[in-house]
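These notes concern the structure reproduced below.
The values are calculated or read from the model by the stated rules, or taken from the named source; none is laboratory data. Computed from a prediction, not measured in an experiment: that's the story for all the values here. We place every Cβ from the backbone using ideal geometry, glycine too, and count neighbours over all the protein chains shown.
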Amino acid sequence: MHSIIETSLRTLIGFTVLLILIRLLGKKQLGQLTIFTYITGVAMGNVAGDMVVHRDIKLIDGVVALVIWAILTFVVEYISMKSSRARVFLDGEPSIVIKKGIIMQKALASQRLNMDDLTMLLRTNNVFSIKEVDYAILEPNGQLSVLKKPSLESVTKKDMQIESEVRGCLPAEIIVDGKVVSSNMKEFNLSNEWLEQQLKQAGVNDAKDVFFAELQFDGSLYISKKEDVK
C-alpha cells in the first residue's frame, strides 16, 4: 500500500512539474517545431519518467534535473532568437530539394533523403507526380513545403473574378452541453438578449436544452439541440 501511495505521489509531482515547465517554455516547445525542441521534449519526458519509476532516484533530484534542463533550454532558445548563426546551428535552415521542376540531388544527399522519402513527402501534400512541382522546400522540422507549377495551381475566386463575402467573425463556441461560454460572448460583444432571440427563433426556450451552439462567419448561430437519451 505504501508503495502505491509513493508511486502515485511521485507521478503526480512529476506530471505537474513537467506540465508547468513545458508551458513556461512556450508554444514552440509544445508544437515541437524543430528537431531541437522535439529532442528537448523527449529528454524532459524521459527524466520525468525515470523520476517516477526508479525509486533509487530521489524526488528532489528529479525535480532539480527537470528545472535545470528547462532553464538550459530557455537559455539556448533565447540565444537562438537573438543570434541568426546560433539559430541556424540549432534549428538548421530550409533546403530546396526541387527547383524549377528539377530535383536537386546534392541537396537530397546532404539531407540523407532518397527518392522514396521525397515522393512520400510529396504525397502527404497531395502531390503524386514530381512533374506537378515547381519548388519543394524541406523545412527544419522535416516537413515539405510544395509550390506547384502555375498551370497546376488551384483556381481562386480572385482568378475567376468572383466577389468574396467578407467574414464578419471567426466561428466560436457559444453554448456547449447546455452551458453558455461567457468568455466568447464577451469577446464578440454578444448580449444575453441577442442569444435569447436566436434561441427563440430556433424554437429553444432555454440554453440548457442546447447541446452545441456555434457563432458563424456571417454572425448567425448554428444550434444543435440535445437529444432525449433513454
* Asked: Say we look at region 19-41 and pick out the residues that are of a type in the set (Lys, Arg) and farther than 26 Å from residue 53 by Cβ; which of these is modelled with the lowest pLDDT?
  -> 28
* **Residues of region 59-89 satisfying the condition of being surrounded by 11 or more Cβ atoms within 10 Å (Cβ to Cβ) and among the basic types (Lys, Arg)** => 87
* To do: Filter region 135-155 down to the residues that are touching a helix residue (DSSP H, G or I) at 6+ places or on another chain (Cβ under 7 Å) and over 29 Å from residue 89 (Cβ atoms), then identify the one that is surrounded by the most Cβ atoms within 10 Å (Cβ to Cβ).
  => 148
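Given the options 108, 122, 66, 90, name the one that is under 30 Å from residue 9 (Cβ atoms) and in a helix (DSSP H, G or I).
Numbers: 108 fails: under 30 Å from residue 9 (Cβ atoms); 122 fails: under 30 Å from residue 9 (Cβ atoms); 90 fails: under 30 Å from residue 9 (Cβ atoms).
Within the list 108, 122, 66, 90, the selection yields 66.
Among the residues in region 88-102, are any more than 30 Å from residue 113 (Cα to Cα) and at pLDDT below 80? So that I can check it myself, show each step before the final result.
From region 88-102, those more than 30 Å from residue 113 (Cα to Cα) are none; that's our starting set.
The answer is no; no qualifying residue exists.
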* Asked: Does residue 125 count as modelled with pLDDT under 85, surrounded by 13 or more Cβ atoms within 10 Å (Cβ to Cβ) and outside the structural domain of residue 20 (by TED's automatic domain parsing)?
  -> no
* Output the number of the condition that residue 16 fails; it satisfies all remaining conditions of (1) under 27 Å from the mean Cα position of the chain (by Cα); (2) modelled with pLDDT under 80; (3) over 29 Å from residue 89 (Cβ atoms); (4) of a type in the set (Ser, Thr, Tyr). => (2)
* Structure fact -> residue 109: passes all of (1) surrounded by 17 or more Cβ atoms within 10 Å (Cβ to Cβ); (2) within 20 Å of residue 88 (Cβ to Cβ); (3) not hydroxyl-bearing (Ser, Thr, Tyr) but (1)
